[in-house]
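These notes are about the structure you will find just below.
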Amino acid sequence: MVHTFVKDVMISDLTTLDISTSIRDAAKLMDEKDIGCIIVTKNQLPIGILTERDFVKRITAKEIPLIASLEKVMSSPLIEIDSNETVWEAAQIMKTNNIHKLPVKQNNQIIGIVTTTDLVKICSVGSDSEMRKICDQIITRIQKER
């Protein structure tokens with residue numbers, strides 16, 4: 001059976017910002033680049049993520065000032081997936097953790113991100129053979145869990 005791997009569908013153009021960056025600067029950068037998340041780093045190492053959802057739940061709803069640093073509002077610890085895992089495993093991790101953006105690592109470095117939108121695209125625009133592969137992966141996964 002052929003699997004679709006995370007490395008085949010991930011977005012590799014990541015944006016990172018240091019933990020000391022202000023919320024306002026992060027928002028401006030996300031708007032300029034038209035992106036839904038930023039990987040937050042400390043000493044160039046990834047330690048968290050800031051998503052559009054964080055703006056609603058952690059910033060606006062809690063009235064956090066835009067001059068505050070990302071450290072106060074980022075989601076941490078970072079939940080990641082290895083680049084050689086299947087998209088099915090990515091979907092499971094996202095479902096279990098109720099997240100929509102999943103950083104991808106390879107050799108302990110973040111090299112990309114998979115989003116729920118990426119997973120939906122695979123299902124919605126895939127050919128019949130692509131859909132068959134995904135269904136086969138789901139069936140195999142269910143059988144392993146029994």
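So residue 40 fits all but one of (1) in contact with a helix residue (DSSP H, G or I) (Cβ under 6 Å, 6 or more places away or on another chain); (2) within 23 Å of residue 9 (Cβ to Cβ); what number is the exception? So the condition that residue 40 fails would be (2).
The combined condition, being at pLDDT below 90, touching a Cys at 6+ places or on another chain (Cβ under 7 Å) and assigned to a helix (DSSP H, G or I), is fulfilled by residue 134. The residue that is farthest from the chain's Cα centre (by Cα), among those in segment 56-70 that are in contact (Cβ under 8 Å) with a residue 12 or more places away in the chain and over 13 Å from residue 25 (Cα atoms), is 64.
Checking each residue in segment 41-53 for being within 18 Å of residue 114 (Cβ to Cβ) and not basic (Lys, Arg) picks out 46, 48, 49, 50, 51, 52.
If you go through segment 67-121 and keep only what is closer than 17 Å to residue 55 by Cβ and acidic (Asp, Glu), you end up with just 71. Within segment 100-117, if we keep just the residues that are of a type outside the set (Lys, Arg) and crowded, with 17+ Cβ neighbours inside 10 Å, the residue that is nearest to residue 4 (Cα to Cα) turns out to be 114. One residue stands out in segment 70-113 among those that are acidic (Asp, Glu) and in a helix (DSSP H, G or I): the one that is farthest from residue 16 (Cα to Cα), namely 89.
The values are calculated or read from the model by the stated rules, or taken from the named source; none is laboratory data. Keep in mind that what you see is a predicted model, and the values were worked out from it rather than measured. Neighbour counts run over all protein chains shown; Cβ positions are idealised from the backbone, glycine included.
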